[in-house]
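The values are calculated or read from the model by the stated rules, or taken from the named source; none is laboratory data. Note that the coordinates shown come from a computational prediction; the quantities given were computed from them, not determined experimentally. Virtual Cβ from ideal backbone geometry, glycine too; neighbours counted across all protein chains shown. The area values use the complete protein model at the heavy-atom level, side chains included, leaving out ligands, DNA and RNA. Shrake-Rupley method; radii C 1.70, N 1.55, O 1.52, S 1.80 Å.
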Amino acid sequence: MTSSDERDVAWAAGLFDGEGSTSTYVPKGKTRPRRQMAVSQGGLPGHVPAVLTRFKGIVGVGNVTGPYRDGLYYWKTTRKDAVDFVGALLWPYLGGVKRKQFAAAAGRMNRALPGSLEDVCDREFESAWAAGLFDGEGTFGAYASARAKPSWRGVSMEIPQASADGVPETLPRFRAAVGVGSVTGPRMVPSPWTRLPQYRWQASGRHVCSAAIKVIWPWLGEVRRAEMRAAMEHLDTGAEDWMA
């Protein structure tokens, strides 16, 4: 693989760390369990989320299906060799939580692991990983303030994550990759997806957000880029050169 390929894989691992899962289930009419890897993403009917198409292109296996009743699309694979291949491909860049989840499923099926659970130091391509996480979970927007002139708009960006075990490892890892922002929580918020405590990485202000965007921009997907460009249109005069 070239270094460019490796950055694509790091991006895919970031998306999987935010939106992916590895599990086992017993198919209907069967008695033996089967492993499944999946990545979810919300989307409009008839419009497959670009991040799932991109993920499938990087890993080269699996299928994208949906939307389902919850409005989600999924990249999925249940083939033994495909699960092993994707796990090994993403392993160098995956966080500990997803590694342990993969290991638990592998243990139930007596399958070997692609590497150590603990070897997560000195990772490369953290900016590409961070872009994948933001593509899956992040938001960016412009906002008004009652204390400023009507034409003024500020900017903010955030990544929410739910966890029953304290601060999700993805958030301080993202903050370390981009070098700005803060991690807050826990807090309980109404959510149709989870009842777990919510945490988030957040940043506000043009200069702070600009610093984060410049790190992840080269690997960020077009949907998030378009979201940022649209927000930029609402900023006041003088912001034309702010975007990376």
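Do we have Ala164 as in a helix (DSSP H, G or I), of a type outside the set (S, T, N, Q) and at pLDDT 85 or above here?
Values: in a helix (DSSP H, G or I): no; of a type outside the set (S, T, N, Q): yes; at pLDDT 85 or above: yes.
Answer is no for this residue.
Taking the range 70-117 as the region of interest, how many residues are assigned to a helix (DSSP H, G or I) and of a type in the set (Asp, Glu)?
At the first step, the residues of the range 70-117 found to be assigned to a helix (DSSP H, G or I) are 80-93, 96-108.
If we keep only those that are of a type in the set (Asp, Glu) too, we end up with 81, 84.
Result for the range 70-117: 2.
For the subset of the range 43-83 comprising residues that are touching a Pro at 6+ places or on another chain (Cβ under 7 Å) and either of a type in the set (A, V, I, L, M) or modelled with pLDDT under 95 (or both), which member is surrounded by the fewest Cβ atoms within 10 Å (Cβ to Cβ)?
Residues of the range 43-83 that are touching a Pro at 6+ places or on another chain (Cβ under 7 Å), as a first pass: 43, 45, 67, 73.
The next check asks that each one be either of a type in the set (A, V, I, L, M) or modelled with pLDDT under 95 (or both); those that pass are 43, 45, 67.
Numbers: Gly43: 19, Pro45: 8, Pro67: 18.
Here the answer is Pro45.
Restricting to the range 1-18, and then to whatever is touching a helix residue (DSSP H, G or I) at 6+ places or on another chain (Cβ under 7 Å) and open to solvent by 40 Å² or more (accessible area, probe 1.4 Å), can you tell me which residue is nearest to Pro67 (Cα to Cα)?
So the first thing to find is which residues in the range 1-18 are touching a helix residue (DSSP H, G or I) at 6+ places or on another chain (Cβ under 7 Å), and the list is 7-18.
Still in the running and open to solvent by 40 Å² or more (accessible area, probe 1.4 Å): 7-8.
Details: Arg7: 29, Asp8: 25 Å.
Taking the candidates together, the pick is Asp8.
Name the residues in the range 21-35 that are open to solvent by less than 40 Å² (accessible area, probe 1.4 Å) and either in contact with a Phe, Trp or Tyr (Cβ under 9 Å, 6 or more places away or on another chain) or of a type in the set (D, E, K, R) (or both), would you?
Selection gives Thr22, Arg35.
Do you know which of the residues in the range 187-229 that are at pLDDT 90 or above and open to solvent by 60 Å² or more (accessible area, probe 1.4 Å) is nearest to Met157 (Cα to Cα)?
Residue satisfying both the conditions and the ranking: Ser204.
Cβ-Cβ distance below 8 Å, separation of 6 or more or different chains: which pairs start in the range 14-28 with a residue that is at pLDDT below 95 and end on one that is of a type in the set (S, T, N, Q)?
Listed pairs, sorted by first residue: Tyr25/Gln36.
Only one of these conditions is not met by Glu169: (1) under 28 Å from Ile58 (Cα atoms); (2) modelled with pLDDT under 85; (3) not hydrophobic (A, V, I, L, M, F, W, C). Which number is it?
(2)
Looking only at the range 84-116, count every residue that is out of contact with any Lys or Arg (no Cβ under 9 Å at 6 or more places or on another chain), open to solvent by 20 Å² or more (accessible area, probe 1.4 Å) and basic (Lys, Arg) and tell me the total.
Qualifying residue count, the range 84-116: 2.
Return yes or no: is Ala144 farther than 25 Å from Ala13 by Cβ and at pLDDT below 90? Steps first, please.
On the way: farther than 25 Å from Ala13 by Cβ: yes; at pLDDT below 90: yes.
The answer is yes for Ala144.
Consider the range 93-134. How many of its residues are in contact with a Gly (Cβ under 8 Å, 6 or more places away or on another chain), touching a residue at least 60 places away in the same chain (Cβ under 8 Å) and farther than 30 Å from Ser156 by Cα?
Qualifying residue count for the region: 2.
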